[in-house]
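What follows is calculated from the coordinates using simple rules that are stated; it is not laboratory data. As the structure is a prediction and not an experimental result, all values here were calculated from the model. Neighbour counts are summed over all protein chains in view; Cβ atoms, including those assigned to glycine, are modelled from backbone coordinates with ideal geometry.
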Amino acid sequence: MGAGTLLRVKSLFKNFGGIQAITDLSFDLAQGELLGLIGPNGSGKTTAVNLITGFVKPSRGEIVYRDCSIAGLAPHKIVRLGIARTFQMVKPFYHLPAYKNMIIPLYSPRVKKLAGGNYGDLDAVALDYLEEVGFERDSHVAFKSASVLPQGYLKRLELAKAIALKPDLIILDELFSGLSLAEVASIIPIIEKLRKEGKTIIMIEHRLKELFRIADRVVVLNYGQKIADGPAAQAMQTAEVQKAYLGAEY
Amino acid sequence: MFVGTFVYAVFNSAILAVMALGFNLTFGISGVANFAYGAMYILSAYLSWMFLHFLNLPYWLSICVSICFTMALGALMYRYVLLRVRGQPLSEVIATFGIGLAILELFQYMGLVGYEYSLPVLIDRSIVFGNIVVDMQRILITAAAVLLMAGLWAFTHHTKIGLAFRGIAQDERTALTFGIDSDRIGMFSVSLGCGLAALAAALIIPLGSISPSDGYDVLIKALAVCIIGGLGSTGGVIVASVLIGFAERLTDTYISSSWTMIVSLAAMLVVLLVKPSGLFGRQKELEERI
Amino acid sequence: MERRLERIDRGIKVRSQDVFALSSWREMLYLLAPRLVPILGFLLLPLVLGNYWQKVLLSVAVFALLALSWDILAQAGMISLGQALFFGLGAYCSGILNHALGCPPLLSLAGATVLGGLMGTAVLLPVIRLRGVYFSMVTLIIPLMFVRIIEATKIFGGTEGLSGIAPLPSKWIELYLIVAVLLAALFGFRRMMNSDYGLVLKAIRDNDRSVTNAGINIFWYKAQALFIAGSIGALAGAFMTHVYMFVGMPVFALDYSILPIAAAVVGGPGSLAGAVLGASILVPLSEILRGIGGLRIVFYGCFLVVFIVALPEGIFHYIQRKYQQFERWVEVE
């Protein structure tokens, strides 16, 4: 593996019964990069992420993270190696208040190990993390039950849960979906801060304008295959990508 | 002697298949757990008996009325119990299990056990093959098994309602968007499953006598067949019944009869460990269930 | 004029939150009463009841433990239809330890608790990876299988079982031991389930994908819950072995599987106190109805169905709600 390459995906294949979800996917991810994973609906973006994070086992191919092969490893083990992800459909623990939702990731063995075994008051730490993602401390939003929070806050909660694991690679699955332009504008600084801290990020997105403002590079998938890989502007110029998004007539 | 064992093993498989079909329909194909299945089986047998002996109805009529009654009971159970706990599979299991338990123990308590509580065979004749005696009832069961399975397969693959049954098991929400009323289809499915249980009882009970404790055995055997064969797969039911049927028969002949139940239970456990979706199961998300 | 039902915390409840509980005897009593009633009840009743009802109390405690064990598993997302498995394993372990190895009763009790828990966990370990319904089915089947195996292989005394097991030193020790264990288990595990550890277990039931995503190995936690619940059940079984001085196939009977579920469902699933409450109601009830024999299980079945469909929150939550909040009709503008 080249110096600075955090993740390498090589010749990944996945089929579910008769459906070929991913065909021969390969890409590298350098340390500190922000990669956008885009493509029309059903192109296999979430499947690719499921493969990397271990929720689904690949049919064939390799996934190497920091010189460790992680293909086929159990998801909780992959998280402990330093990869965290958010889910497209946010499903918090509805009957618990927002800050109690954070207890689960803070209880994780990885967090315990990194904190040297003594974390102190988990509730206080949870509130700190929530404040970082925009739960204003004065308004006591963090104490509200997750069932009454609007989508914007739920997405931030999901983000906070991933950040609390202190990962080196964060994968965000459609973080911007369901958010207003103002909410997106307020979340982007949080992502920038993560980048400054040296974290590597993969973002699956449909909202391309907002994504291209922050992404270094994009990988475009269509029907499970990679059709472009490079800086955003360059990738969007490719004929194949335009055909995939807009249809053959264009 | 081996030929005799073989022939009876085939019959055993047919019996298992007929027993399991109703359960496969509701649990495997429509995703509704009906743990009162064994109770329905026994209930319909007692009903036929009562119609026959107390109301002096002709035998075929007793069976028909009993099947209809069981189907109605299944529908009622769905409407007033299952509907309330739909979607929480564990509550479904507990609720139906509670009903089944109440029914079976009621019969046990009423003391309706004994040799006089039995149903007559449909055709009282036997055929002799070489040196094996084979009774018509068992042949009837085998024929019924084949017919029912073919019919069920056609039903679930080629009729609108049958496809709806499968739809609500796979993805209830999508089924709803297609205009499939999942509640009513669920009711039909439970009702039909109970009806099949009643039919199975009518065919199989004449081989012995009615005993409430058999209700649990029926439930377990139906479960075993469905799990090993794979929920929702009619082909799986066939293969699983053959496997278990033969295994039971061989164990009975060559080892001892007290081990037969253990064989089916052990087989079910092994399948659950190795390939949880069963031999022919198609529910992939169960496999990916790490 | 439209009306809606409004539910508000009672004044006394609000006044007894946090440190204000110490402000007067009334508030402290409000908090202590629900805890003191069962404790005093269980501790004082043995002194006033006659022999027959003392045995009933014993039964209540044993079934309460089984119901407690069921509830812990249920809160972690595993619905067991076969508590008799743990009960029977504990019973046989204790019986064998005492009968074959000559361990004194208290030692064999402790040993059976741990061994029974371990064996129960080992047996069910392969199944916790599967969807909940399959787990339930397997728990239903395994006790039945054990019965048949014992019957067929005639091990451990076969159909006759092992008799002549040593009893506990005295009737009073018997009674107070099980009551003490019950109270310790009730309050101890209630504490555990309210802690962060319990939160993780409950989260596994709610949304196990999220918990896995946090790097937590859900199977390890499920196994732990299984061991804890299994040990409690095994303790109950081991205890009964010494009370009856006998262990045989009946320890795997359906009765020991069904009554705990009925008790927990009736009493209030999701709260350990509800399990104890349910047992305290159902066991004496079934004793009173003893004259009807086998009809008992019919009643349990009916209770189970009625409560799960009509009052799924159970009696305990209902009482708790009434105790802490009051309702009134308000007009909607």
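Structural remarks
- 20 Å binning of all Cα-Cα separations within the range C:3-331, expressed as whole percents from 0 upward: 30, 57, 13, 1
- Modelled FRET efficiency - R0 60 Å, C:Arg35 with A:Gln234, Cβ distances, 0.05 increments: 0.30
- Peptides C:223-233, C:182-192, A:80-90 ranked from most to least packed give C:223-233, A:80-90, C:182-192, packing being the mean of other C-beta atoms within 10 angstrom over each peptide's residues.
- Counting every alpha-carbon pair across the range C:207-265, the share separated by more than 17 Å comes to 58%.
- Of the chymotrypsin sites (Phe, Trp or Tyr not before Pro) found in the range B:58-126, those in coil by DSSP whose Cβ has at most 12 other Cβ atoms within 10 Å are B:Tyr115.
- Nonlocal amide H pairs with A:Ala21, under 5 Å, H built at 1.01 Å: A:Lys14, A:Asn15, A:Phe16
- Normalised by the number of residues in the range C:3-331, the average gap of Cα pairs under 8 Å and 6 or more apart makes the relative contact order 33 percent.
- Shielding by partners - mean other protein chain Cβ count within 10 Å, residues of B:261-268: 4
- A Förster distance of 41 Å, applied to the separation of the beta-carbon atoms of A:Glu192 and B:Leu176, puts the FRET efficiency at 0.45.
- Listing A:Asp128, C:Asp208, A:Asp173 from fewest to most neighbouring C-beta atoms within 10 Å gives A:Asp128, C:Asp208, A:Asp173.
- Multiplying the residue separation of C:Glu333 and C:Ala310 by 0.36 nm and removing their Cα-Cα distance gives an extension gain of 5.1 nm.
- Estimated [θ] at 222 nm from DSSP helical runs (n ≥ 4, -39500 (n - 2.57)) normalised by residues in chain A, nearest 500: -10000 deg cm²/dmol
- Shielding score for C:203-210, defined as the mean number of other chain Cβ atoms within 10 Å: 5
- Per-residue extension of 0.36 nm, minus the Cα-Cα distance of A:Ala185 and A:Leu114, leaves a gain of 22.4 nm for this segment.
- Per residue, the convex hull around the alpha carbon atoms of chain A comes to 137 Å³.
- Remark: spin-label model distance A:Ser147-A:Gln225 equals 4.8 nm, labels positioned 7 Å along the Cα→Cβ axis.
- With the alpha-carbon atoms of the range B:2-223 aligned to their principal axes, the span from lowest to highest coordinate is 59, 39, 31 Å, starting with the largest.
- Dipole of the protein assembly as shown, positive direction: furthest Cα of B:Leu82, A:Ala244, A:Leu181, with charges on the beta-carbon: A:Leu181
- Two tests apply to each whole DSSP H helix in chain B, Cα reach of 18 Å or more along its axis and mean Kyte-Doolittle hydropathy of at least -0.5, and the ones passing both are B:2-23, B:37-54, B:59-77, B:89-109, B:136-158, B:182-204, B:214-229, B:234-254, B:260-274.
- Backbone N atoms of the range A:83-121 closer than 20 Å to the 7 Å Cα→Cβ label point of C:Gln325 belong to residues A:93-100.
- Measuring max minus min along each principal axis, the C-alpha atoms of the protein assembly as shown give extents of 86, 78, 71 Å (largest first).
- Among beta bridges from DSSP that stay inside the protein assembly as shown, the antiparallel ones total about 70%.
- Computed over the range C:1-107, relative contact order equals 10 percent, with contacts defined as Cα pairs under 8 Å that lie 6+ residues apart.
- Separation of the C:Ser170 and B:Tyr254 label points, Cα + 7 Å toward Cβ, nm: 6.2
- Taking the Kirkwood radius as Rh and the Cα radius of gyration as Rg, the range C:16-68 has a ratio of Rg/Rh equal to 1.19.
- Ordering of B:49-56, C:243-250 by burial proxy (mean other Cβ atoms within 10 Å per residue, highest first): C:243-250, B:49-56
- FRET efficiency for B:Val128 and B:Ala154, using Cβ-Cβ distance with R0 set to 35 Å, rounded to 0.05: 0.50
- Degrees, to the nearest 10: C:105-124 long Cα axis against longest axis of chain C: 80
- CD proxy at 222 nm, helix term only [per DSSP H run n ≥ 4: -39500 (n - 2.57); per residue of chain B; nearest 500]: -23000 deg cm²/dmol
- For the range B:30-75, the equivalent ellipsoid derived from the Cα gyration tensor has semi-axes of 23, 10, 7 Å, listed largest first.
- Entry note, chain B: relative contact order of 34 percent, from Cα contacts under 8 Å with a spacing of 6+ residues.
- Spin-label pair C:Met28/A:Met89, simplified geometry with 7 Å Cα→Cβ offset, distance in nm: 5.2
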